[in-house]
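Undergrad: One structure coming up, written as structure tokens, with questions to follow.
The values are calculated or read from the model by the stated rules, or taken from the named source; none is laboratory data. What you are looking at is a predicted structure, and each value in this text was computed from that prediction instead of being measured. FYI the Cβ positions are ideal-geometry reconstructions off the backbone, even for glycines, and counts take in every protein chain you see.
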Amino acid sequence: MRARPVEENRRFARGRRMIVPLGGACAVALVAFVANSCAVSTRTIVAPPQIAGAEFVGSEACADCHENITDRFHNATHANLMAAGENAKDIGCESCHGASSLHVESGGERATVINPSRSPATCFGCHLDIRGAFSLPHAHPVTGGPLGTTTARVSCSDCHASHEGPAILGGGLAIESEADTCTGCHPAQRGPFVFEHEALREGCTVCHQPHGSVNAALLTERDSTVCMKCHFQEQTAPGTILIGGRDHTSLLARGTCFSTGCHEAVHGSQVNSSLRY
Ligand code: HEC
Ligand code: HEC
Ligand code: HEC
Ligand code: HEC
Ligand code: HEC
Ligand code: HEC
Ligand code: HEC
């Protein structure tokens, strides 16, 4: 499994521009600021990642060599972290990359700065709840060592953009759907299928947790509830369970809807309209 196609999706997401009249943009920004200050207060904000012997230099120092990133950063979700002034030096680029004075002095040596794509530790520093999700029994394998000593198979940046646009790839107004991020690594679920399951039009996250879950296959619910939230049908005769117009009374006791012999092809089927295989 490779992350390359996900990169391509990201470029799609980056290609978009919101066109809002200036006055409107200011109003939106003000509302967003007020709304965000509430949202932010529910999160645990802790010290930025530390690099031995290094000091904070402030985000402006990065522009000298990384103009391609600093120029576009203003519309990134995490641009809200930025603030002006001496006291706010450590919030901005260095809240994810660590104090960077050694990096700047060395002219850009790699070992002097943190690249979170090799270790999610810096993200977890602020998003503690997400660390919890990745600690559940079934989770995407993102764990890496400090300063990226071990290579994880999946990184936060496979599904999230850090430098431009919405952090959640494919969310909101993006041309590509959120599911395209997933099928970049899971092509078997992409289709096209002769008999598609319309549920997938709502994205993968109607049935799967993106980070981690107590349930196998990262499912949102462990049993047929994952299906019944859409396929619930009012019962007309007592003692009879109808699903999709068919009597399922004796069938439900045999296992989940997606057990062997039932609807195994939950993502779509090439051969069976009832998604049996
Ligand atoms: C003097 C120029 C210069 C300045 C200033 C500079 N960088 Fe760099 N940076 C580089 C160069 C060159 C590389 C590429 C090194 C390589 O690929 O071997 C780099 C690479 C990086 C990397 C990738 C490291 C990796 O292991 O993949 C990060 C992250 C980074 N810089 C962040 C920053 C941040 C944050 C700032 C501002 C605080 C900053 N840089 C300021 C020159 C600079
Ligand atoms: C929310 C955390 C976060 C913030 C804030 C952040 N970055 Fe990054 N940065 C990342 C991640 C994750 C990667 C690796 C994956 C990627 O490229 O998206 C990265 C990679 C980099 C790289 C190396 C790869 C490349 O694309 O050249 C540089 C240089 C860099 N960042 C500079 C910056 C600068 C400059 C800023 C401030 C304007 C900044 N970053 C702000 C998370 C962040
Ligand atoms: C210094 C603290 C800090 C660090 C480090 C940080 N974040 Fe965030 N992150 C925030 C805050 C605060 C918000 C909320 C911003 C907002 O809503 O305006 C946020 C928002 C997000 C969102 C979007 C949530 C939404 O509902 O749209 C994602 C996704 C995200 N961060 C991922 C990451 C990843 C991945 C990393 C590491 C590369 C990271 N963050 C590092 C503080 C941080
Ligand atoms: C496999 C793709 C994927 C990976 C890997 C991933 N995320 Fe997410 N993340 C998502 C999706 C999709 C959402 C939107 C959730 C939804 O729509 O229900 C999300 C939502 C979020 C949010 C905002 C909503 C919330 O639950 O608070 C944060 C913060 C976040 N992710 C941080 C991270 C961090 C930090 C990492 C790395 C340790 C990471 N994510 C790795 C796909 C991913
Ligand atoms: C960067 C590649 C990558 C991306 C993007 C990605 N995944 Fe994964 N996914 C993996 C890897 C690697 C595993 C672990 C496979 C293993 O352990 O054999 C995995 C495991 C899973 C599993 C569990 C499979 C099982 O057999 O139990 C599910 C379900 C899943 N991913 C769904 C998603 C969804 C939904 C998204 C989008 C929100 C997504 N993935 C995005 C790489 C990715
Ligand atoms: C209607 C609910 C539903 C949706 C939507 C859905 N899945 Fe699944 N997925 C399941 C169920 C149920 C399983 C477990 C099947 C099993 O245990 O046999 C599963 C299993 C998986 C697995 C493990 C391998 C396998 O096929 O058993 C992967 C990977 C996966 N899904 C990825 C995705 C991706 C990517 C998307 C979005 C394109 C997606 N799923 C959308 C219900 C769904
Ligand atoms: C997000 C809503 C949603 C979820 C969740 C969902 N489905 Fe569906 N499903 C649909 C829609 C919409 C259709 C197409 C219309 C219809 O036939 O009811 C469909 C069709 C089907 C069909 C084809 C019916 C036929 O014979 O034409 C089967 C079988 C099916 N779903 C099984 C499942 C199973 C098994 C699960 C749980 C893993 C599940 N669905 C979860 C929305 C959903």
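Undergrad: Report, by residue number, each residue of region 191-209 that is within 14 Å of the chain's Cα centre (by Cα), at pLDDT 95 or above and in a loop (DSSP other than H, G, I, E, B).
TA: Gln209
Undergrad: Please state which one of Pro210, Pro238, Pro166 is farther than 21 Å from His138 by Cα, surrounded by 15 or more Cβ atoms within 10 Å (Cβ to Cβ) and outside the structural domain of Pro141 (by TED's automatic domain parsing).
TA: Working: Pro210 fails: farther than 21 Å from His138 by Cα; Pro238 fails: surrounded by 15 or more Cβ atoms within 10 Å (Cβ to Cβ).
Matching residue, one of Pro210, Pro238, Pro166: Pro166.
Undergrad: When you scan region 1-107 for helices (runs of 4 or more DSSP H) that lie fully inside it, which ones turn up with 2 or more residues that are modelled with pLDDT under 85 and aliphatic (A, V, I, L, M)? If you could, list the steps in order and put the result at the bottom.
TA: Numbers: elements: 4-15, 22-41, 60-63, 67-70, 93-97, 101-105.
Per the criteria, 4-15, 22-41.
Undergrad: Please enumerate the residues belonging to region 179-201 that are β-branched (Val, Ile, Thr) and either in contact with a strand residue (DSSP E or B) (Cβ under 9 Å, 6 or more places away or on another chain) or over 16 Å from Ala217 (Cα atoms) (or both).
TA: Thr181, Val194
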